[in-house]
Amino acid sequence: MTRRALMAGNWKMHKTAAEAKLLAEQVAAFGQGVTDRDILLAPPFTALGGVAEAVKGTGIIVAGQNVCWEEQGAFTGEISPLMLKDLGASAALVGHSERRQIFRETDEMINRRLRGGLDQGLTMVLCIGETLEERESGQTMEILEKQVRSGLAEVAAAQMIRVVIAYEPVWAIGTGKTASIDQAQEAHGFIRRLVVDLYEKDIAASMRILYGGSVKPANIDELMAQPDIDGALVGGAALDAESFGRIINFS
Ligand code: 13P
């Protein structure tokens with residue numbers, strides 16, 4: 001089964017609305033003629049509308065960096081799936097390690113967010129990954145299994161078509177340290193086998209698993225050559241149009 005590559009930029013808490021719009025236009029220019037892979041941009045909430053407008057008609061997917069499970073209500077500081085769609089977004093990230101570590105989001109909360117987004121028709125990118133301490137104590141696969149199982153709890157097989165998993169080892173995020181190609185492929189293969197167990201072979205075979213953590217123009221080709229790496233979730237290098245342009249045009 002061939003999976004369509006998904007090249008995603010997570011802009012985190014960077015860029016004003018005007019700066020984001022400009023960057024989106026530049027990315028769209030680099031993405032022109034790219035027809036065999038998907039491009040996704042996750043700007044801050046405040047820039048979503050402008051970015052969606054800037055990439056209209058290009059096929060670029062616009063995503064929120066998080067999403068609440070409710071449509072509306074007393075949830076100060078949260079953004080609902082309907083609000084994301086209203087601004088032109090069709091996807092959302094959940095479970096990013098910065099949400100887990102800094103803002104103490106739990107597996108249960110992340111699962112609710114994921115299901116809430118799926119129920120409203122969004123494509124959901126479930127981010128998972130072990131910390132350095134967990135890797136060094138040999139717990140990597142156990143942690144990944146826990147995050148996948150709880151993240152996908154009660155997600156129906158029919159909805160899995162809109163689920164993407166992003167494997168981002170926490171120790172590789174923003175540190176300049178990329179997981180070795182073998183470490184990345186090993187984790188991706190493990191995640192795919194887990195999805196076979198949880199669902200079925202076809203679902204696992206068509207599900208995209210992205211790698212994230214210090215992805216750069218210099219390492220993207222090698223990463224994308226791995227059988228179970230179907231794309232990238234890029235932080236720092238996605239803030240520069242030329243770098244991200246090179247990443248989306250990997251060979
Ligand atoms: P960096 O590419 O800056 O390491 O960030 C990765 C990431 O967290 C993307 O979500």
- Per-peptide average of other Cβ atoms within 10 Å, ordering 69-76, 177-184 highest first: 177-184, 69-76
- Message: Multiplying the sequence separation of LEU132 and ARG104 by 0.36 nm and subtracting their Cα-Cα distance, what value in nm do you get?
- Response: 8.3 nm
- Note on the structure: Result: in the chain the number of Lys pairs with C-alpha under 15 Å apart, spaced 8 or more or on different chains, is 4
- Taking Cα pairs closer than 8 Å and at least 6 residues apart, the relative contact order of region 48-123 in percent is 35
- Before anything else, pin down the relative contact order of region 1-103: Cα pairs under 8 Å, at least 6 apart, normalised by residue count, whole percent. 25
- Which shape class, rounded, prolate or oblate, goes with region 64-132 when its Cα gyration tensor gives a ≥ b ≥ c as root eigenvalues, a/c under 1.5 marks rounded, and past that a/b bigger than b/c marks prolate? prolate
- Item | 5 angstrom amide H check on ARG208, placed H, neighbours 5+ away | ILE165
- Item | Summed residue charge, Cβ within 13 Å of ARG246's Cβ, Lys/Arg positive, Asp/Glu negative | -2
- Note on the structure: Proxy exposure order for ARG3, ARG208 (fewest C-beta within 10 Å first) is ARG3, ARG208
- Message: For the chain, what does the relative contact order come out to in percent, with C-alpha contacts under 8 Å and a separation of six or more?
- Response: 21
- Task: Return the Cα extents of region 1-82 along principal axes one, two and three, sorted largest first, each rounded to a whole Å.
- Result: 44, 37, 21
- Note on the structure: Residues other than GLU70 with Cβ under 11 Å of its Cβ, Lys/Arg counted +1 and Asp/Glu -1, net out at -1
- Message: Just to be sure I understand the curve: with the Debye formula and one point per C-alpha of the chain, what is log10 I(q)/I(0) at q = 0.13 Å⁻¹?
- Response: -0.75
- Query: Given springs between every Cα pair under 10 Å in a Gaussian network model of the chain, which of SER80, SER137, SER150 has the largest fluctuation?
  - Reply: SER137
- Of the residues GLY121, GLY235, GLY151, which exhibits the maximal mean-square fluctuation in a Gaussian network model of the chain defined by a 10 Å Cα contact cut-off? GLY121
- Note on the structure: Taking 0.36 nm per residue of separation between THR175 and ARG162 and subtracting their Cα-Cα distance, the length gained on full extension comes to 1.7 nm
- Message: Using Cα springs under 10 Å in a Gaussian network model of the chain, which residue among LEU210, LEU132, LEU84 shows the largest mean-square fluctuation?
- Response: LEU132
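Read the figures in this text as sums done on the coordinates, not as results from a lab. Note that the coordinates shown come from a computational prediction; the quantities given were computed from them, not determined experimentally. Glycine gets a Cβ as well: all are built from the backbone with ideal geometry, and neighbour counts include every protein chain shown.
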